[in-house]
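Asks: One structure coming up, written as structure tokens, with questions to follow.
The values are calculated or read from the model by the stated rules, or taken from the named source; none is laboratory data. Just so it is clear, the structure is predicted and the values come from calculations on it, not from any experiment. So basically every Cβ, Gly included, is an ideal-geometry build from the backbone, and we count neighbours across all protein chains shown. Side chains included, ligands, DNA and RNA excluded: accessible areas come from the protein's heavy atoms. Shrake-Rupley method; radii C 1.70, N 1.55, O 1.52, S 1.80 Å.
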Amino acid sequence: MKNLLWLNIGTIFLSLGIIATVEQVTGNRFQMNSPAVAQTATVPAKIYAENGIAIKGTDPVAYFQQGKAVAGSDRFTYRWGNATWKFSSTENRALFAKNPAKYAPQYGGFCAWAVSEGDLAPIDPNAWTIVNGKLYLNYSPAVQQQWAQDIPGNIAKADKNWPKLSK
């Protein structure tokens with residue numbers, strides 16, 4: 001039954017044009033490695049990561065579930081989009097694994113205001129906003145205040161700039 005399940009999952013991935021390989025399944029760690037050539041449009045081409053860790057190790061699901069920035073743990077990780085994502089719980093990791101694009105920050109986790117200005121900048125995980133079910137991160141609380149002055153306009157500009165910046 002277990003092999004049949006993996007076969008069905010593999011068939012689904014192949015039918016969607018996604019090639020994924022299980023990298024590690026041990027204890028509390030479950031990581032999937034997806035080759036860059038097989039990434040779909042939902043995986044950002046460029047992800048803000050320091051030392052391979054996305055969004056400074058902050059749990060992206062916690063923004064939605066707990067309404068705050070929560071540090072992730074080395075015990076709960078998931079590999080997606082050429083970065084390692086950390087989570088504060090098994091449940092949050094499972095939610096992300098089921099639908100990474102739902103929880104991953106926009107613009108690969110780079111500062112949304114910087115992207116709206118045509119640039120890339122790192123982020124402060126405590127400077128964040130959820131707009132229409134999407135997570136946006138900013139460089140600092142001061143930059144977040146600039147971002148908040150025209151969120152719809154900044155999103156429109158960032159959406160236009162992101163394809164060029166993400167290459």
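Asks: Exactly one condition in (1) in contact (Cβ under 8 Å) with a residue 60 or more places away in the chain; (2) crowded, with 20+ Cβ neighbours inside 10 Å is false for residue 112; which is it?
Replies: Status for residue 112: all satisfied but (1).
Asks: Okay, next question. Condition test on residue 162, is it touching a residue at least 12 places away in the same chain (Cβ under 8 Å) and part of a helix (DSSP H, G or I)? Spell out the reasoning first.
Replies: Values: touching a residue at least 12 places away in the same chain (Cβ under 8 Å): yes; part of a helix (DSSP H, G or I): yes.
Criteria met by residue 162.
Asks: On to the next question. Just need a number here: residues in the stretch 62-73 that are within 21 Å of residue 122 (Cβ to Cβ) and not basic (Lys, Arg). First the steps, then the outcome.
Replies: Within the stretch 62-73, the subset within 21 Å of residue 122 (Cβ to Cβ) is 62-63, 68-72.
Still in the list and also not basic (Lys, Arg): 62-63, 69-72.
Number satisfying all stated conditions: 6.
Asks: Continuing with the same structure: Within the stretch 116-129, which residues are more than 17 Å from the chain's Cα centre (by Cα) and open to solvent by less than 70 Å² (accessible area, probe 1.4 Å)?
Replies: Answer for the stretch 116-129, where residues must be more than 17 Å from the chain's Cα centre (by Cα) and open to solvent by less than 70 Å² (accessible area, probe 1.4 Å): 116, 118.
Asks: Working only within the stretch 87-105, note down all residues that are open to solvent by 40 Å² or more (accessible area, probe 1.4 Å), within 28 Å of residue 142 (Cα to Cα) and within 12 Å of the chain's Cα centre (by Cα). If you could, list the steps in order and put the result at the bottom.
Replies: Initial filter on the stretch 87-105 (open to solvent by 40 Å² or more (accessible area, probe 1.4 Å)): 88, 90-91, 94-95, 98-99, 101-102.
So of that shortlist, the ones also within 28 Å of residue 142 (Cα to Cα) come out as 88, 101-102.
Answer for the stretch 87-105, where residues must be open to solvent by 40 Å² or more (accessible area, probe 1.4 Å), within 28 Å of residue 142 (Cα to Cα) and within 12 Å of the chain's Cα centre (by Cα): 101, 102.
Asks: If the Cβ limit is 7 Å and pairs must be 6+ apart or interchain, which residue in the stretch 85-105 that is more than 16 Å from residue 47 (Cα to Cα) pairs with which residue that is hydroxyl-bearing (Ser, Thr, Tyr) and part of a helix (DSSP H, G or I)?
Replies: Taking only residues 6 or more apart or on different chains, the pairs are 95/103.
Asks: Please go through the stretch 130-167 and pick out each residue that is surrounded by fewer than 16 Cβ atoms within 10 Å (Cβ to Cβ), closer than 22 Å to residue 54 by Cβ and out of contact with any helix residue (DSSP H, G or I) (no Cβ under 7 Å at 6 or more places or on another chain).
Replies: 132, 133, 141, 159, 163, 164, 167
Asks: Next question, about the same structure. Would you point out the residue of the stretch 62-83, among those that are surrounded by fewer than 18 Cβ atoms within 10 Å (Cβ to Cβ) and in contact (Cβ under 8 Å) with a residue 12 or more places away in the chain, that is nearest to residue 134 (Cα to Cα)?
Replies: Here the residue is 64.
Asks: To continue, here is another question. So for the stretch 58-77 (the condition being under 24 Å from residue 167 (Cβ atoms), within 9 Å of the chain's Cα centre (by Cα) and either among the polar types (S, T, N, Q) or at pLDDT below 95 (or both)), does at least one residue qualify?
Replies: Looking for residues that are under 24 Å from residue 167 (Cβ atoms), within 9 Å of the chain's Cα centre (by Cα) and either among the polar types (S, T, N, Q) or at pLDDT below 95 (or both), one finds none in the stretch 58-77, hence no.
Asks: Within the stretch 115-133, which residues are among the small types (Gly, Ala, Ser) and closer than 19 Å to residue 103 by Cβ? I'd like the intermediate steps shown before the answer.
Replies: The first filter runs over the stretch 115-133 and keeps only residues among the small types (Gly, Ala, Ser), leaving 116, 118, 121, 127, 133.
Once the filter is applied, which keeps residues that are among the small types (Gly, Ala, Ser) and closer than 19 Å to residue 103 by Cβ, the stretch 115-133 yields 127, 133.
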